[in-house]
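Below: the structure, in structure tokens.
Taken together, the values in this text are just the output of simple stated rules run on the coordinates, not laboratory data. On a predicted model such as this, the values are computed, not experimentally measured, just so you know. Note that we place each Cβ from the backbone using ideal geometry, even for glycine, and neighbour counts take in every protein chain shown.
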Amino acid sequence: MKKVERINIIMRYINNRAHFTISEIMQEFNISRSTAIRDIKEIEGMGMPLVAEVGRDGGYSVMNNSILPTVRFTDNEIKALFIAFMATRNQQLPYLKSRQSLTEKLLGLISENQQDDLVLLNQILLFEGTNPHNPDLLDLSDLPHPMLEKLIQILLLENYLMVTVKEEREIKSYPIYLLHLYREKCLWLIGGFDLEEEKRRIISVDNLTQIEPYPKKKRVSKKKILEQLSKQEEVINLVLELGPKAIAQFKKYHPLNCSLAYTNPYQTTAIIKTCINVYHLEELTEITNWLLFLGEDIKVKEIPEEILNGIQERLSLYCP
């Protein structure tokens, strides 16, 4: 590790602790005592307000109510941040306007040479969903649904919600306990527990018209909700073993209820165990398409007959 990079990491390490010792720095960063002391003195020279504590168990602490020095980024850290921004461009993510201002601030913090590197990266790297003919570094378009940010703000304070949804030609309201907010197939979805019908419910954020906290008097405890959900868990009926190619496909896309468990330390083989509702036609079709998407690098250990028939019918269209 280069000295500049090590100094930056040690500064972050110190910022997160009320007290530290030279021995802890030596052990954490695998450096000698003399190197640790030199690094601490250099950090003090940068303006970080450290107070030395005398005694057998003495060490250092950061002075309270003091202004810490400006955060410094290494070249690689700047590239990592910027590439992360590039990769998520046009993905309908929340706080997109704030992300644009962050990019502007990042560009303002760095040198002209570093800015030139980012301009070059923007020209060379292409990510799915981006426009290669648009040279603007700060162009982060395709804003998400306006209700998304409002929903997240409420969720930071409250999980019990009354959501109003536009469904075809009518407006419906559902009292839910929100379990997950996730993005699938370019759509933001709410996965929650319906407090009236006592079942899982998935709602598209795009269809939301209103969100408000659910009255406390009508709420069910989280413990009872989890008990209800556990009772509704169905028996596993789909078991797959995946090779490296299928794992790569899985990482590109997979249904929310499917999780991967690696079966070797090199993460080249894995197993999937899940439950498929064979009476839900839309879910059945989706799983059939997804299994074909995974490709040939899978071994089927257990599969519902309905899905197997669907795969065979699909393949017969191409191989009559």
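For the chain, build the charge dipole from Cβ charges (+1 Lys, Arg; -1 Asp, Glu) around the Cα centre, then report which of P49, W290, Y182 sits farthest towards its positive end. Towards the positive end, the residue furthest out is P49.
For V165, the shell of other residues with beta-carbons less than 11 Å away shows a net charge of -1, using +1 for Lys and Arg and -1 for Asp and Glu. Note on K105: lysines with a C-alpha under 18 Å away, same-chain residues under 8 apart excluded, are K79, K97. Ordered by the number of other Cβ atoms lying within 10 Å of each residue's own Cβ, fewest first, C186, C258 fall into the sequence C186, C258. Once the gyration tensor of the Cα atoms in the chain is diagonalised, the equivalent ellipsoid follows with semi-axes of 46, 28, 25 Å, ordered largest first.
Compute the Kirkwood hydrodynamic radius of the stretch 75-124, taking the inverse of the mean of 1/r over all pairs of distinct Cα atoms, and give it in Å to one decimal. By the Kirkwood definition, the hydrodynamic radius is 11.3 Å.
With springs only between Cα atoms under 10 Å, which of L50, L179, L189 fluctuates most in a Gaussian network model of the chain? Result: L50 has the largest fluctuation of those listed.
Sorted from greatest to least, the principal axis extents spanned by the alpha carbons of the stretch 146-232 come out as 32, 27, 26 Å. GNM on the chain, alpha-carbon springs under 10 angstrom: the most fluctuating residue among I124, I225, I176 is I124. Seen from a random direction on average, the alpha-carbon convex hull of the stretch 214-320 projects onto 9.5 square nanometres.
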